[in-house]
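Asks: Here it is, the structure, as structure tokens.
The values are calculated or read from the model by the stated rules, or taken from the named source; none is laboratory data. This one's a predicted model, so the numbers in the text were calculated from it and none came from an experiment. FYI the Cβ positions are ideal-geometry reconstructions off the backbone, even for glycines, and counts take in every protein chain you see. Protein only, heavy atoms only, side chains kept; ligands, DNA and RNA dropped before computing areas. Shrake-Rupley method; radii C 1.70, N 1.55, O 1.52, S 1.80 Å.
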There are 2 protein chains.
Amino acid sequence: MIFKAEIDIMPLEAILDPQGKAVTSSMSNIGLTEISNVRIGKHITLKVDAENETIANEKVTQACKDLLCNQIMESFTFSIEALN
Amino acid sequence: MIFKAEIDIMPLEAILDPQGKAVTSSMSNIGLTEISNVRIGKHITLKVDAENETIANEKVTQACKDLLCNQIMESFTFSIEALN
């Protein structure tokens, strides 16, 4: 069975996000002074072939921990849905 | 009223995603052969000060179109929720 995972990887709250800070400043330059606290992370989609949702969850968690996410600086969340 | 927006910006389906391709290959190198079709985009969170949700929606759409998203190569989706 094929599952699709949607993963969000964000810098930890305690960690400075210089890219987000730069974009926050740019917002007021284009007239959007109402926008603040921009934080920028990664959004990753992938497909995983697994017998059931529990196994798919384990595979995606492993992918996040071992490859996608640097847990010292980032946290991850994800959701999984079956395709078809 | 303060709203929090969660924005996903992904490369269009028709466009090659070399970063995603590289990560897909790395998955089998760490034993996760079940994972395929990795695509990598951006996840952006921000706060927006607006009278109501409709105005907040407009502001976030404007931010995406004018600054965050290159609509020739990327598409964006977002959700908004009121804080407190």
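Asks: Please determine, in degrees from 0 to 90 and to the nearest 10, the orientation of helix B:18-29 with respect to the longest principal axis defined by the Cα atoms of chain B, where the helix direction is its Cα long axis.
Replies: Once rounded, the angle reads 50 degrees.
Asks: With a 1.4 Å probe, how much accessible area is buried between chains A and B, both sides summed, in Å² to the nearest hundred?
Replies: What A and B bury together is about 2600 Å².
Asks: Using a 1.4 Å probe, how large is the accessible area of B:T33, given in Å² and rounded to the nearest 10?
Replies: 100
Asks: Between copies, how far apart are the A:K65 label points? List them in nm, one decimal, shortest first, with each point 7 Å from Cα toward Cβ, please?
Replies: With the label placed 7 Å along Cα→Cβ, A:K65 yields 4.4 nm.
Asks: If you don't mind, another one. Please pull out the direction-averaged projected area of segment A:2-82, using the convex hull of its alpha-carbon atoms, in nm² to one decimal place.
Replies: 6.4
Asks: Output ³J(HN,Hα) for segment A:67-81: one whole-Hz value per residue in order, computed from phi by the Karplus curve 6.51 cos²θ - 1.76 cosθ + 1.60 with θ = phi - 60°, and x for Gly and Pro.
Replies: 9, 7, 10, 8, 5, 6, 10, 10, 10, 10, 9, 8, 10, 10, 9
Asks: Moving on to the next point. Quick one: ranking A:L12, B:L32 by accessible area, 1.4 Å probe, largest first, what do you get?
Replies: Numbers: A:L12 60, B:L32 0 Å².
Listed by decreasing accessible area, they come as A:L12, B:L32.
Asks: Then there is this: Of all accessible surface on the protein assembly as shown at a 1.4 Å probe, what whole percent is carbon and sulfur?
Replies: 50
Asks: Taking only DSSP H segments of four or more residues, each worth -39500 (n - 2.57), what value at 222 nm results for chain A once the sum is divided by all its residues, to the nearest 500 deg cm²/dmol?
Replies: On the way: 2 runs with 23 residues, N = 84.
Computed mean residue ellipticity for chain A: -8500 deg cm²/dmol.
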